[in-house]
1. Which of the chymotrypsin sites (Phe, Trp or Tyr not before Pro) found in the stretch 357-436 are loop residues per DSSP with 13 or fewer other Cβ atoms within 10 Å of their Cβ?
2. First select every other residue whose beta carbon is under 14 angstrom from the beta carbon of Gln555; then total the charges, Lys and Arg +1, Asp and Glu -1.
3. Apply 1/(1 + (r/R0)^6) to the Cβ-Cβ distance of Glu83 and His548, taking R0 = 56 Å, and write down the FRET efficiency to the nearest 0.05.
4. If Lys and Arg each add +1 and Asp and Glu each add -1, what is the summed charge of the other residues whose beta carbon sits under 10 Å from the beta carbon of Ile207?
5. So, in nm, how far is label Ser58 from label Val426 when the simple model puts each one 7 Å beyond its Cα toward the Cβ?
6. Give, as ranges by residue number, the residues of the stretch 419-434 whose backbone N falls under 12 Å from the point 7 Å along Cα→Cβ of Glu564.
7. Could you list, in their original order, any pairs among Lys94/Lys240; Lys222/Lys261; Lys236/Lys450; Lys61/Lys275 whose Cα atoms are separated by more than 29 Å?
8. Counting only other residues whose beta carbon sits under 11 Å from that of Thr13, what net charge do I get with K and R as +1, D and E as -1?
Amino acid sequence: MQMSFVLKKDRKTICSVKSTNAPTELSNELNIHTMKHMKVSGISMLPQFSLDPAPENSHEKHEWRRFLDFLHKYDMIAIADFEPYKFYILPPAKASTSTRVSVAYRIGKTCVVDSRPRDCESGSHLAEEHRRPNTSMMRGPANGAEVCSSDPNCPQTDDCANHSMSETCDELKSKTHMKQDRLFEKNYIRADPSYLKTLGQAHSGWIFGGIAELVDNSRDAKASKLDIFVEMIKLKKSGKNVPMLSIIDNGQGMNHDEIVKMVSFGHKQPDKDVKDHIGRFGIGFKTGAMRLGRDVLVLTQTANSRSLAFLSQSLNEGKDNIEIPIVSYCRQGQQVEIDTAVQSEALAKNNLKAIKDFSPFDKYLIGEKAALFCGATGTQIYIWNLDEWGSGYCLEWQDGLFGGSSFHQGDIFVRSRRIRSRQGQVSLKVPLDFSLRAYLEVIFLVPRMKMFVQGTLVKSRPLAKFLTKTVVESGDILGNPVELTLGYSELEWEQGNCGIFLYWHGRLIEAYKRVGGMIHSADVGRGIIGVIDVTNLMDDKDGRVWVHNNKQGFQDSESYALLEEWLAKKADEYWDKNFDSLKLHKDNCIYKPDSEWVQCDKCRKWRMLPHNYDVEKLPMQWFCYMQPFGGQCSDEEQKMAPGTVNLSDKRSGYDCKHKDSDRIKMEGVTNASGEDERRVSFQIEETKPQVLKRLRRGPPSPNHENAKSRSPSSTKLYEEHTAEKRVRFEIEKPSALQRLRRGPPPSPNHENSKSRSPSSTKLYDENTAEKRVRFKIENTRPSALQRLGRGPPSPNHEDSKSRSPSSTRPGKVHPLR
């Protein structure tokens, strides 16, 4: 039965209200006579009904909001009497012009004593009591509890013991020391500020997991552009310049209710399962932000609102509960004012003051950041007091060079550069583990959002479109269809990586997951990459999700175990069939993807380029109407078909012809479209040793078997090489002085003596005279008498045969005598 009446305070109208579950038929008005500051806790021990506002004019709407603001801000209870009932209007969780309030009531001067054993923390039995029939216009409790009609202030006992008999209120007064306001206490859960730090431990193993949570929120908000960068900002209290991580998107933004939901600790899972929606658990923002830093400010804007929220460990330090200041504004074009429909002006000013006192933001900096919206919608997240690593920070960053090459792009790194632990992982070259740019390239299965890191665009890389020798495998696991794309990546082969990339709702959950033979050998499966979306498999029909709440792994479940077995089987079959028996030469052979792709900067769809098209000719901003696609954004996105191994020269204008490279036999192939395509044959010709290296060991004899087959070019090369050696010999030929120091010149009959020049002969005579004088002065040479005393050698001595006639002339003495 629905009834309507007017709620008044001191006979002054507050607002018209209506109720459908009031305990009795009320008169046309209900007057509030008292408002008390009482603890609202055990109120669930009394039956309740609800009141909905039904204002007849704007004045009543305004008064209703002011009335609820007062109850909410000061934790007050409004009391009204309507014999034999006493009503207690409870403060709402939030105040607005449409907020419903709860009203607790009791009948007459009674208090109910429950003699049943129960949990003091719980009030689950009260609903049963409320359904009990009335006796003499008084609510009677269950299980032998009696009703006493004495003092209306008689409190209900908090003793949890089982009372074996009913007791009157007078007897209870003598046994209990519970205060009267305990009747209205609620059992709230208190969250100590240290819990904020605990939330960040969800991503303690990998800090990029925290950034990924914020990127997910931008994607869920339908953002088309996302900027992530680190800048320096000055703190007010210390005066130090500290780094601040900024994450800015142009999504839909959030109104007051949505931002309250975002900073709350968890929320109800959505009833509808949206395939492209990632957020599920209601804790991603808190865990991600608190992993990155101690303090975070959120500035968000919708078409008609703007809100600020401040989640801070610095603000809550030393407090007993967590305070999260929120300020919301109404927005009409460029005009903004405090939204008093969701909070009082005094509360908004108090929250804004707390934000200014404990953050580097003031009203000017807030206005400067709000101007970045350019009148549109979006969300900005600023995080400072970043997590530390030793004497520095966990994150490192470098700005890109304006107009520089792809090697000078800005990036944010994990300072430790550590590789994440994976089963069977042996490679130390996994860039996505420590480079944010590399991680964002593959974070989404089908990237639609433009992402910038340190001011430079991240070139998204949908893995399934960047593989060669692609094969699509379909299967069924627990009645859920699955589809796996397998292919070869030369980049991953060079880095020694392989594995499966598992996506959930289009978001990367696990990367480089080794399965099958990949686990036990570093060479098995090297360069093989698989891509699979497991959304249908990991989302049960009953609402359960087999994904960790940090979105960096899957829970141990039957579906995940069966998935691993299926992936191992398919990966091993692919390796054995396509690559285990394939013999390729790695030098100067580049594996091109089966198809080249380009993404439109307007519709974000991927378009396939023709074969042999030079991607270097594409402009920095490319749209569907441009060549070589020449279509429209409304055209459907093309799908990739399985391809073959195409080995060609280096891509994008790079020269593949090296001087020392092996010769590769090329053969022309004409595809279905009539275009000529160059493919590399797998037969690598063996090259013979170079002639120059052989000649350095000496020329072959004329009768040598290789001499007969020498080409004219090699003969000419040999002659030039010989001439070069002769010139080098003439240059390095020892002088006559150096040669003569090793002994007298050869005999006149020696073959070299015929070619001696007069100058060398004169030099020899002078040098001989000089040596004779030196020997005479230093007495280093024996005298002729001493020398002759040994006796001349016999005519039959072996050395005498080669002696010159002058040296064997009889009676001839040495000139030094």
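Every read-out reported here was derived from the displayed coordinates using simple, explicitly stated rules and does not represent laboratory data. The model shown is predicted, which means the values in this text are computed figures rather than measured ones. Ideal geometry is used to build each Cβ from the backbone, glycine not excepted, and the neighbour counts take in all protein chains shown.
1. Working: sites: Phe358, Phe361, Tyr364, Phe373, Tyr382, Trp384, Trp389, Tyr393, Trp397, Phe402, Phe407, Phe413, Phe434; in loops: Phe358, Phe361, Phe402, Phe434.
Counting only loop positions with at most 13 other Cβ atoms within 10 Å, the chymotrypsin sites (Phe, Trp or Tyr not before Pro) in the stretch 357-436 are Phe402.
2. Values: positive: Arg280, Arg544, Lys551; negative: Glu510, Asp539, Asp540, Asp556, Glu558, Glu564.
Residues near Gln555 contribute -3 overall.
3. For R0 = 56 Å, the calculated efficiency reads 0.45.
4. Details: positive: Arg291, Arg415; negative: Asp387.
Neighbourhood net charge equals +1.
5. Those two pseudo-labels are separated by 7.7 nm.
6. 423-424
7. On the way: Lys94/Lys240 38 Å; Lys222/Lys261 18 Å; Lys236/Lys450 34 Å; Lys61/Lys275 40 Å.
As for pairs spanning more than 29 Å Cα to Cα, those are Lys94/Lys240; Lys236/Lys450; Lys61/Lys275.
8. On the way: positive: Lys8, Lys9, Arg11, Lys12; negative: Asp10, Glu29, Glu56, Glu60, Glu63.
That sum, taken over residues with Cβ under 11 Å, equals -1.
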